[in-house]
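K.L.:
Sharing a structure, written as structure tokens. Questions coming.
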Amino acid sequence: MNVKRPVFLWSVLIFGIAFLYVPMLLLVIYSFNSSRIVPIWGGFSTKWYGVLFESPEIWEAVSLSLKIATVNACFATVLGTLAGLALVRFGRFKGRTLFSGMISAPLVMPEVITGLSLLLLFITMQEFIGWPDQRGFTTITIAHITFSMAYVAVIIQSRLSGMAQDLEEAAQDLGAKPFRVLTDITLPLLAPGMLAGWLLSFTLSLDDLIIASFVTGPGAVTLPILIYSRVKLGLRPDINALATIIILVVAIGVILAGYIMLRQQKQRELEQNMTANES
């Protein structure tokens, strides 16, 4: 049994990696396909990258998706952080259970229900107050913030629950005002969690299709909506080229993040060794 166990574990690991990354590898390979029909290999060519860079429709969708994702991530991080602080640091206040349930609801609510309810909300608001006059960037961003902030709140809540309050209490004993304690101690300690929440919100917004399709209007096409519409009409290889570029950008980001984390770890180990030698 001890001899077979490593073989089984390696087999599972290889199968899992292949299951995740072989489709991406095939997508990258077929982005260099000269044939207009994606599954049929017609020879090596980079012409679809040229078609991609000359397509204003695709780059408008990319630009809109990036703008929405950035604004959504910033607002969701701020609101989610405030919600997490209220749930952990404010103790047992009146309505806390209801507030906690309302924060957690978007995590388990089907996206179809969320999108439909927000669509009805925007239609009702337009009839009564005349806003929003049209659905697009603003409505998609608001819709994304409603569910993204819930993820940030959960991250911040878990971060605060495992974080000691010794520094905060010491600062208060020394006469620091609550706002000064928040800005000088609590928020810097929460920075890793806030960054994680920002990145998660950005990714969720950039990837969303269902909710955006409910709350968007004519002339506001995000990248997932554009790709989905292309798939229904027949996928072209220029979308494969775009996906390859996205994979490359994500891979570079992951490598850089891993390199920075490795350097920080080595720096901490070096400081610990220097401290141990001095003592």
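Since every read-out is calculated from the coordinates, none of them should be taken as a lab result. Just so you know, these numbers come straight off a predicted model, no measurement behind them. Using ideal geometry, Cβ is built from the backbone for each residue, glycine included, and neighbour counts are taken over all protein chains shown.
K.L.:
Please go through the range 91-170 and write out the trypsin sites (Lys or Arg not before Pro) that DSSP classes as loop and that have at most 10 other C-beta atoms within 10 Å.
P.N.:
The qualifying sites are R92, K94.
K.L.:
Right, here's the next one. In deg cm²/dmol, rounded to 500, what helix-only [θ] at 222 nm does the chain give when every DSSP H run of at least 4 residues adds -39500 (n - 2.57) and the total is split over its residues?
P.N.:
Computed ellipticity for the chain at 222 nm equals -26500 deg cm²/dmol.
K.L.:
Ok, one more. Relative to the Cα centre, what is the charge dipole magnitude of the range 55-240, using +1 at the beta carbon of each Lys and Arg, -1 at the beta carbon of each Asp and Glu, and rounding to the nearest 20 debye?
P.N.:
With Lys and Arg at +1 and Asp and Glu at -1, about 280 debye.
K.L.:
While we're here: Go from 0 up to the bin containing the longest alpha carbon distance in the range 1-129, width 10 Å each, and give me the % of pairs per bin.
P.N.:
So the P(r) values, bin by bin, are 9, 16, 22, 22, 21, 9, 2, 0.
K.L.:
Would you kindly derive the ³J(HN,Hα) couplings of the range 30-43 from the backbone phi angles with the Karplus curve 6.51 cos²θ - 1.76 cosθ + 1.60 (θ = phi - 60°), listing them in order in whole Hz, with x for Gly and Pro?
P.N.:
Here the 3J(HN,Hα) series is 6, 5, 9, 7, 6, 6, 6, 8, 4, x, 9, 7, x, x Hz.
K.L.:
Could you list which residues have their amide H under 5 Å from that of S45, counting only those 5 or more apart in sequence or on another chain, with H placed in the peptide plane?
P.N.:
Amide H to amide H, under 5 Å and 5 or more residues apart or across chains, S45 pairs with N33, S34.
K.L.:
Can you tell me the convex hull volume per residue for the chain, based on C-alpha atoms, in Å³ to the nearest whole number?
P.N.:
Considering the Cα atoms of the chain, their hull volume per residue is 248 Å³.
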